[in-house]
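To keep things clear, I will list the structure first and then write my remarks on it.
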Amino acid sequence: PTQCDNWVRTSNGGHFASPNYPNMYPPNQECVYILEAAPRQRIELTFDEPYYIEPSFECRFDHLEVRDGPFGFSPLINRYCGLKSPALIRSTGRFMWIKFTSDEELEGKGFQAKYSFIPDPDFTYLGGILNPIPDCQFELSGADGIVRSSQVEQEGKTKPGQAVDCIWTIKATPNAKIYLRFLDYQMEHSNECKRNFVAVYDGSSSIENLKAKFCSTVANDVMLQTGTGVVRMWADEGSRLSRFRMLFTSFVDPPCSGNTYFCHSNMCINNSLVCNGIQNCAYPWDENHCREKKKAGLFEQITKTHGTIIGITSGIVLVLLIISILVQVKQPRKKVMACKTAFNKTGFQEVFDPPHYELFSLRDKEISADLADLSEELENYQKMRRPSTASRCIHDHHCGSQASNIKQSRTNLSSMELPFRNDFAQPQPMK
């Protein structure tokens, strides 16, 4: 938003007005004014006469909008229009945001407003408005650099126990813009912007150039559109532990020339910033694939100094290990018999042993009885044939040969029992 007409600023306040005041303001206007007081101060706004802004229901057409803060989304105080000038308006902090809007028709004389600064009642116990803070300004320039709050104490810009209100002005390289990235950030009283904050301005320290303001627990990166950046830190007496450290990098828009490096984020940085150990791009492309030279650690120092001893010792241990493995492999293995609890063998045999083959023993006895009967019958038969054989021998004159044959046959008959018995011998028990 643009500022309309003249705006007068003084150390104690100032005044501004609608375009062409006290004449008719033009149509289709949108003017924004942002007022800023010193720390521990508030703003009072009053309106002069004549005053006229096109009246409408809820001031929907031409109107004057006032907000309690530095932004267009700050809390709304009120909208004003009509014939009667507004009453005294007072902020609750150091900032006030004002916008005047006119539509296409029915213009009026407009307004003229005066603003002044008053002590903040929240700090009356500390003496109200502070004495002027000593000059605390720093300047930096170049391809990159570090903005740090510790510089205030190191250079003795403020004394211990005093409030800090310091400004760092950053100048980029020719035709370049500025990228800011926080490396360290801590507000002792977070979310209390009256007590401590870090503000970033794009172009100058004027309030209308405020780019970002951080007073919470998180601070984001900031891309500036000009080659001049202003960083301001405010911390009251009770917030001296607040601190920050910020990296600034000069960059140009693509396409990148020969002496610049493309950051893959719509920015080109100087080649000297690549692989310098610091992330200058929005993403760490400039530090990827870099061979960092690190100091040798304890392990590297030991291996360089005692490498031979460690190698020989490791070899000896390895050889002994192999020998022990071979000895274990070749050594015969002993069978280990596990002692088990005694059990009832009789019951076990009754369940698993086969029967005692009673059938075979009975059959063996029957066969023996049959053989005995058969031998008796043969003997009786031969006895019966003896007389007839003797008479026959006498008659045929072959008694000698027949007797021998009879003896041989009897011998053969008595020997017949053995093969029969052997064939029906008791079989071996089953396993």
- Item | Looking only at region 213-256, and only at residues there that are surrounded by 17 or more Cβ atoms within 10 Å (Cβ to Cβ), more than 28 Å from the chain's Cα centre (by Cα) and among the small types (Gly, Ala, Ser), the one that is nearest to Glu36 (Cα to Cα) | Ala235
- Note on the structure: With the first residue restricted to region 214-229 and required to be assigned by the TED database to the domain that holds Cys166, and the second required to be in a loop (DSSP other than H, G, I, E, B) and open to solvent by less than 40 Å² (accessible area, probe 1.4 Å), Cβ contacts under 6 Å at 6 or more apart or on different chains are Cys215/Met187; Thr226/Gly203; Gly227/Ala172; Gly227/Ala176; Thr228/Gly203
- Go through region 58-92 and give me each residue that's at pLDDT below 90 and acidic (Asp, Glu). Glu58, Asp62
- Item | Yes/no for Asp253 being out of contact with any Ser or Thr (no Cβ under 6 Å at 6 or more places or on another chain), outside the structural domain of Arg40 (by the TED database) and modelled with pLDDT under 90 | no
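Can we say Lys211 is of a type outside the set (Asp, Glu), part of a strand (DSSP E or B) and out of contact with any His (no Cβ under 8 Å at 6 or more places or on another chain)? Talk me through it step by step, then tell me what you get.
Details: of a type outside the set (Asp, Glu): yes; part of a strand (DSSP E or B): yes; out of contact with any His (no Cβ under 8 Å at 6 or more places or on another chain): yes.
For Lys211, the condition - of a type outside the set (Asp, Glu), part of a strand (DSSP E or B) and out of contact with any His (no Cβ under 8 Å at 6 or more places or on another chain) - is met.
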- Query: Can you tell me which residues in region 136-167 are assigned to a strand (DSSP E or B), open to solvent by 40 Å² or more (accessible area, probe 1.4 Å) and over 27 Å from Gln279 (Cβ atoms)?
  - Reply: Gln137
- Query: Can you pull out the residues in region 217-248 that are more than 17 Å from Phe138 (Cα to Cα) and of a type in the set (Ser, Thr, Tyr)?
  - Reply: Thr217, Thr226, Ser239, Ser242
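Just to be sure, is Gln151 closer than 30 Å to Tyr283 by Cβ, under 38 Å from the mean Cα position of the chain (by Cα) and without any contact (Cβ under 8 Å) to a residue 24 or more places away in the chain? I'd like the intermediate steps shown before the answer.
Numbers: closer than 30 Å to Tyr283 by Cβ: yes; under 38 Å from the mean Cα position of the chain (by Cα): yes; without any contact (Cβ under 8 Å) to a residue 24 or more places away in the chain: yes.
So Gln151 passes the test.
The values are calculated or read from the model by the stated rules, or taken from the named source; none is laboratory data. Quick caveat, the model's predicted, so the values are computed rather than measured. We place every Cβ from the backbone using ideal geometry, glycine too, and count neighbours over all the protein chains shown. The protein model used for the area step is the full one, side chains on, heavy atoms only, and it has no ligands, DNA or RNA in it. Shrake-Rupley method; radii C 1.70, N 1.55, O 1.52, S 1.80 Å.
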